[in-house]
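Colleague: Encoded as structure tokens, here's the structure I'll be asking about.
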Amino acid sequence: MAAPADPAVLQVLALRAVAHRSIRRFFEERDFVEVETPAIVPSPGLDVHLAAFEVRNPKGEPAGWLATSPEYQMKRLLSAGAERIFQLGRSYRADEHGRHHEREFTMLEWYRADSTSDDVIRDTEELVAFVANALTEKGELSPFSVPWQRLTVDEALQVHGDVALDAVIHDEERFFRVWAEEVQPRLGNERPVIVTDWPSSMASLARLKPNGMADRFEAFFRGVELCNGFGELTDAAEQRRRFERDQADRQAAGAPVYPIDERFLDDLERGMPESGGNALGVDRLLMLLLGADSIQAVMPFPEERL
Amino acid sequence: MADTSDIKKGFKMLIDGVPFAVVDHQFVKPGKGQAFVRTRIKNMMTGAVIDRTFKSGEKLEKADTEERTMQYLYPEGDARVFMDTRSYEQISLSNEQLGDNVHYLLDGTEVDIMLFEGRPIGVTPPTFVELLVTETEPGFKGDTSSNTTKPATCETDLVVNVPLFVNAGDKLKIDTRTGDYVERVKR
């Protein structure tokens, strides 16, 4: 005999299916190819504040890490000649628990060759409107007008944190404290905002712009970070220098020092087209579009219900 | 020693020697940056609520607090005496410490007393108490309107706003969280 239906779970399943279908339709209409890259990778990403789950084989020997994002492998596909690719899959992060964090979450990542971060920002605005429209057919909400508001990091700090970037740029902890306490909670309260021009020390895998700032953007809506995108760094030597600096920073911070993905650097060396890419948290997008107060509310199996 | 991963609602920590209880908390990790735990915490001595942000992983000192259910016995000078019904241990709290809660104590009322390092620092009365009205202007016969109110003094000297039909000698149900009249209790 079947158990009584759980309408809350069924609703989550239905809404996620609508969102996933509309994301796939959006990219297929724009000639993107859906790709899959491995969950277990030789390097999980070197950003200092990332923690990865280590994988071991049955003998208890190290066998890699769960990917914190599919970035390296997707960029290797660009080097292999893929021009427009997207992936709707899982990423894994240790030590992240909260209303907007799960150790395992759904990440949408896409890359377009011969494109800039502006092209990817436009993709983002259109995609969110597209998914919002798809969900509206279920009678939930109204989409936002585009383009979204634009702010530089410096402007965001001055408007919401009452401090200039210059005053906090050399004290990373202070920067992130002001950002977390004062700035981010006030970003995108009416409609989403795109924050650009991150300091070069926070460039990650973004190239630098002629003004010396990182070609990196993030979108925020109702104080929640929705995505992080780059005009991609294609200079293998500069990428290696950043990886080595990240490794040194991790060592200094007492964090595990993950290896450099040499095959990624080899492919970068062989040549990757000038590209734009973005990584967007699908659970957060659903949460924001549906007016939920946590990503757990839009997941069938958050960790707490496993 | 505890750290920020122990933070949850009701977690009690010591900051500069003062016990604080977590009212609300949120893990935040901006972009590719340092993770923090933003908290709203309540000073258990004064009741004041403040915001405090901790670096994720920061060490925290757990506050040595304990909540015990005790029975109210009697007044003694400017204080009130309570007894642990299991150990028969007696403690007293000053009227000043008790604040408005002093008005919810009747013989035998069971309350939760918060102890910090063995010393009582606060009391939580039952959510609802029933008190006799000792004094109020006489009600008007047949007037059951609840749009207008009048003050009534109860047996514990609590003064509440009550509907006009309430009379001296009536028993009232009071919400101790707000100090408001809820209803007249049928005798």
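What follows is calculated from the coordinates using simple rules that are stated; it is not laboratory data. No experiment lies behind these values; they were computed from the predicted model shown. Because the Cβ atoms are built from the backbone with ideal geometry, glycine has one as well, and the counts that use them run over all protein chains shown.
Colleague: With +1 on each Lys and Arg Cβ and -1 on each Asp and Glu Cβ, how big is the dipole of the stretch B:65-124 about its Cα centre, in debye rounded to the nearest 20?
Modeller: 80
Colleague: Continuing with this model, one more query. With springs only between Cα atoms under 10 Å apart, run a GNM on chain B and tell me which of B:Val133, B:Val159, B:Val28 wobbles the most.
Modeller: B:Val28
Colleague: Using a basic spin-label model with each label point 7 Å from the Cα along Cα→Cβ, how many nm lie between B:Arg119 and A:Asp162?
Modeller: 3.5
Colleague: Assuming R0 = 22 Å, what is the FRET efficiency of A:Ala253 and B:Arg52, from their Cβ-Cβ distance, to the nearest 0.05?
Modeller: The computed FRET efficiency comes out at 0.45.
Colleague: Consider all pairwise Cα distances in the protein assembly as shown and report the whole-number % of them above 41 Å.
Modeller: Value for the protein assembly as shown: 39 percent of Cα pairs lie more than 41 Å apart.
Colleague: Same structure, new question: Normalise the Cα radius of gyration of the stretch B:65-124 by 2.2 N^0.38 Å (N = residues in it) and let me know the number.
Modeller: 0.98
Colleague: Going toward the positive end of the dipole of chain A, with +1 on Lys and Arg Cβ and -1 on Asp and Glu Cβ, which of A:Val41, A:Pro273, A:Val159 do you reach last?
Modeller: A:Val41
Colleague: Additional query: Which far-off residues, 5 or more places away or on another chain, put their amide H under 5 Å from the one on A:Ala214, with H placed in the peptide plane?
Modeller: Here the answer is A:Trp198, A:Ser200, A:Lys209, since their amide H atoms fall under 5 Å of that of A:Ala214.
Colleague: Roughly how big is chain A's charge dipole about its Cα centre, with Cβ charges of +1 (Lys, Arg) and -1 (Asp, Glu), in debye to the nearest 20?
Modeller: Using Cβ point charges on Lys, Arg, Asp and Glu, chain A gives about 620 debye.
Colleague: Using a 10 angstrom cutoff on alpha carbons, build the Gaussian network for chain B and name the most mobile of B:Gly169, B:Gly118, B:Gly33.
Modeller: Greatest mean-square fluctuation among the candidates belongs to B:Gly33.
Colleague: How much length, in nm to one decimal, is gained on full extension between B:Ala2 and B:Thr134, taken as 0.36 nm per residue of separation minus their Cα-Cα distance?
Modeller: 42.4 nm
Colleague: Another question, if that's okay. Which net charge results when you count Lys and Arg as +1 and Asp and Glu as -1 among the other residues whose beta-carbon is under 12 Å from that of B:Asp157?
Modeller: With Lys, Arg at +1 and Asp, Glu at -1, the net is -3.
Colleague: Shifting gears a bit: Please list the non-local residues whose amide H lies under 5 Å from the amide H of A:Arg90, H modeled 1.01 Å from N, same-chain partners needing a gap of 5 or more.
Modeller: For A:Arg90, whose amide H was placed from the backbone, the distant partners under 5 Å are A:Met107.
Colleague: Please report, in debye to the nearest 20, how large the charge dipole of chain B is about its Cα centre when each Lys and Arg carries +1 at its beta carbon and each Asp and Glu carries -1 there. List each step's numbers first, then the result.
Modeller: On the way: 24 positive and 30 negative charges, 212 e Å.
Using only the charged Cβ atoms, the result is roughly 1020 debye.
Colleague: Excluding same-chain residues fewer than 8 positions from B:Lys32, which lysines have a Cα within less than 28 Å of its Cα?
Modeller: A:Lys75, A:Lys209, B:Lys8, B:Lys9, B:Lys55, B:Lys59
Colleague: If you don't mind, another one. Just rank B:Asp3, A:Asp123, A:Asp6, fewest to most, by other beta-carbon atoms within 10 angstrom.
Modeller: Ranked by crowding around the Cβ, least crowded first: A:Asp6, B:Asp3, A:Asp123.
Colleague: Which residues in the stretch A:87-109 place their backbone N less than 12 Å from a point set 7 Å from the Cα of A:Val146 along the Cα-to-Cβ direction?
Modeller: Answer for this model: none.
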